[in-house]
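I have placed the structure first, in the form of structure tokens, so that the comments after it can refer back to it.
The values are calculated or read from the model by the stated rules, or taken from the named source; none is laboratory data. Since the structure is predicted, the reported quantities are computational estimates derived from the model, not experimental observations. Glycine also receives a Cβ, built like all others from the backbone with ideal geometry; neighbour counts cover every protein chain displayed.
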Amino acid sequence: MKLDETKSSKLALPPSSMQWWRDAKFGMFLHWGLYSILGRGEWAMWNERIPMREYRKLANQFNPQKFDPRAWAETARAAGMKYMVLTAKHHDGFCLFDSQVSDFTSAKSAARRDLVGEYVQACREAGLGVGLYYSPLDWRYPGFFFPDLYRESAEEMKQQTYDQVRELLSNYGKIDVFWFDGGEDDWLGFGGIEFVDGQWRSRDTRWPQQKHYPGKPFWEGDKLVAMMRSLQPDVVINNRSGWTGDFITPERKVGEFNTQRAWETCDCLADSWGYIPNSRMRSLRNILHLLIQVITGDGNLLLNVGPTADGEIEPRQVDRLAQVGRWLQEYGHTLYGTRGGPFETQPWGGFTHKGNRIYAHIIDWPEDTITIPAMPQRVLRVRSLTSNEVILEKPNGELKLRVPDADRQAIDTIIELELDAEL
Ligand code: GLC
């Protein structure tokens with residue numbers, strides 16, 4: 001079965017429905033679940049080969065007394081984030097919602113709560129976009145590891161995905177972002193995967209030559225997304241379900257400059273997605289550089305925090321995010337609601353633009369001057385938003401900018417160009 005491109009692009013959202021997400025630029029990712037109790041990251045069950053009968057006992061301990069999604073939303077809002085994405089179910093199969101098709105849920109844990117429901121409400125109250133992460137794959141099913149051998153199990157796992165995605169899009173009002181992970185066909189349709197020498201590889205030695213040969217189970221991303229559109233026509237969906245996606249998801253790296261295809265980098269504030277105590281945390285400068293590099297490349301940034309088992313985002317992380325928000329309060333107008341470019345990413349930073357203004361974001365000075373490539377519009381005015389002086393040079397008609405050493409900002413020197421016409 002080949003991905004039907006016509007059908008896929010019919011499923012894609014029109015630009016008008018993506019506009020809020022394009023403008024938003026910055027979101028909060030939350031990895032939270034039973035693994036947060038172990039504090040060794042969200043892959044602990046897999047990495048340590050914890051038997052299911054042991055792992056599932058964690059549900060009896062899962063009773064997050066400090067779970068306060070309003071506080072999460074407030075942290076996100078104060079950071080200048082505009083949407084949130086919470087792991088409704090990760091690869092361990094544990095649901096943070098009251099699924100009718102599973103016994104492994106927060107409603108049936110010690111917590112006895114539908115945490116997704118509370119989270120959705122808090123996001124909405126804070127005026128943030130509501131996003132859910134969902135992993136179709138599920139380590140509890142032998143069919144994930146050996147889909148040929150345990151075909152029934154693989155089919156059940158697939159059915160669970162369809163049922164739970166339907167629940168998530170039916171029971172919680174409007175969902176703005178749906179973020180799949182692990183639903184690409186090579187996680188299931190090619191005989192399962194294994195981790196060898198630090199790399200994922202298919203168990204099927206003939207892959208990819210025999211890609212999409214008959215008789216194997218697939219997630220059928222197109223079918224899944226068609227169902228989702230019938231429930232929630234405007235939900236923005238990523239590319240990890242086997243369907244092409246409204247946006248693509250470079251992970252733990254800055255995506256390439258691309259103004260054609262919507263993209264979102266996902267990365268972590270600390271060392272891992274799921275909670276690990278005392279892990280390294282990014283500096284303010286590092287976070288802002290990441291954000292600026294992503295936005296000037298025309299992407300969004302989904303920055304992850306992993307709350308503790310008790311449901312709290314570490315106070316030091318809350319503080320760090322508040323610092324990000326303070327910087328954005330001053331300079332966010334050069335990022336939100338802009339588009340990346342018009343010129344590609346440069347060794348020193350990059351550009352954003354809005355209306356008849358271009359903003360050069362200079363985060364490094366490998367050379368003394370910044371060259372503005374030629375464009376049809378005329379530059380009426382050049383000014384710095386962060387320093388005192390901009391020195392202009394025009395050798396052979398090319399526009400070059402220079403900022404005195406002492407005025408160069410450690411985080412971002414922002415130069416605004418006002419043009420005689422819109423871009
Ligand atoms: C990787 C990790 C997974 C995490 C995801 C987020 O795929 O393995 O645990 O949820 O990144 O993008």
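Yes or no, residue by residue, for (1) assigned by TED's automatic domain parsing to the domain that holds W219; (2) under 19 Å from R203 (Cα atoms); (3) aromatic (F, W, Y); (4) assigned to a loop (DSSP other than H, G, I, E, B):
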{"residue": "D138", "(1), (2), (3), (4)": "yes, yes, no, yes"}
{"residue": "G143", "(1), (2), (3), (4)": "yes, yes, no, no"}
{"residue": "A154", "(1), (2), (3), (4)": "yes, yes, no, no"}
{"residue": "D163", "(1), (2), (3), (4)": "yes, no, no, no"}
{"residue": "L169", "(1), (2), (3), (4)": "yes, no, no, no"}
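Each row is one residue, and each column tells you yes or no for (1) farther than 22 Å from G297 by Cα; (2) at pLDDT 95 or above.
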site	(1), (2)
G355	no, yes
I358	no, yes
P373	no, no
K394	yes, no
D420	yes, yes
L423	no, no
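Every residue in segment 239-265 that is assigned to a loop (DSSP other than H, G, I, E, B), within 15 Å of the ligand (Cβ to nearest atom) and on the phi < 0 side of the Ramachandran plot, please. Matches in segment 239-265: N239, R240, S241, T249, P250, K253, V254, G255. Of note, A322 does not satisfy the criterion of being touching a helix residue (DSSP H, G or I) at 6+ places or on another chain (Cβ under 9 Å), of a type outside the set (K, R) and part of a loop (DSSP other than H, G, I, E, B).
From the residues in segment 266-289 that are outside any loop (DSSP other than H, G, I, E, B) and under 23 Å from F180 (Cβ atoms), which one is nearest to the ligand (Cβ to nearest atom)?
Taking segment 266-289 first, the residues outside any loop (DSSP other than H, G, I, E, B) are 266-268, 284-289.
From what's left, under 23 Å from F180 (Cβ atoms): 266-268.
Working: C266: 5, D267: 9, C268: 9 Å.
Result: C266.
One residue stands out among those in segment 334-368 that are polar (S, T, N, Q) and surrounded by 15 or more Cβ atoms within 10 Å (Cβ to Cβ): the one that is nearest to N258 (Cα to Cα), which is T345. Of all the numbered requirements in (1) within 16 Å of the ligand (Cβ to nearest atom); (2) hydroxyl-bearing (S, T, Y); (3) over 21 Å from N238 (Cβ atoms), T87 misses one, and that requirement is (3). Note on segment 40-81: residues that are more than 16 Å from the ligand (Cβ to nearest atom) and touching a residue at least 12 places away in the same chain (Cβ under 8 Å) amount to 26. The requirement of being crowded, with 18+ Cβ neighbours inside 10 Å, more than 16 Å from the ligand (Cβ to nearest atom), part of a helix (DSSP H, G or I) and without any contact (Cβ under 8 Å) to a residue 60 or more places away in the chain is not satisfied by I292.
Within segment 101-139, if we keep just the residues that are within 23 Å of F218 (Cα to Cα) and more than 25 Å from the chain's Cα centre (by Cα), the residue that is surrounded by the fewest Cβ atoms within 10 Å (Cβ to Cβ) turns out to be V101.
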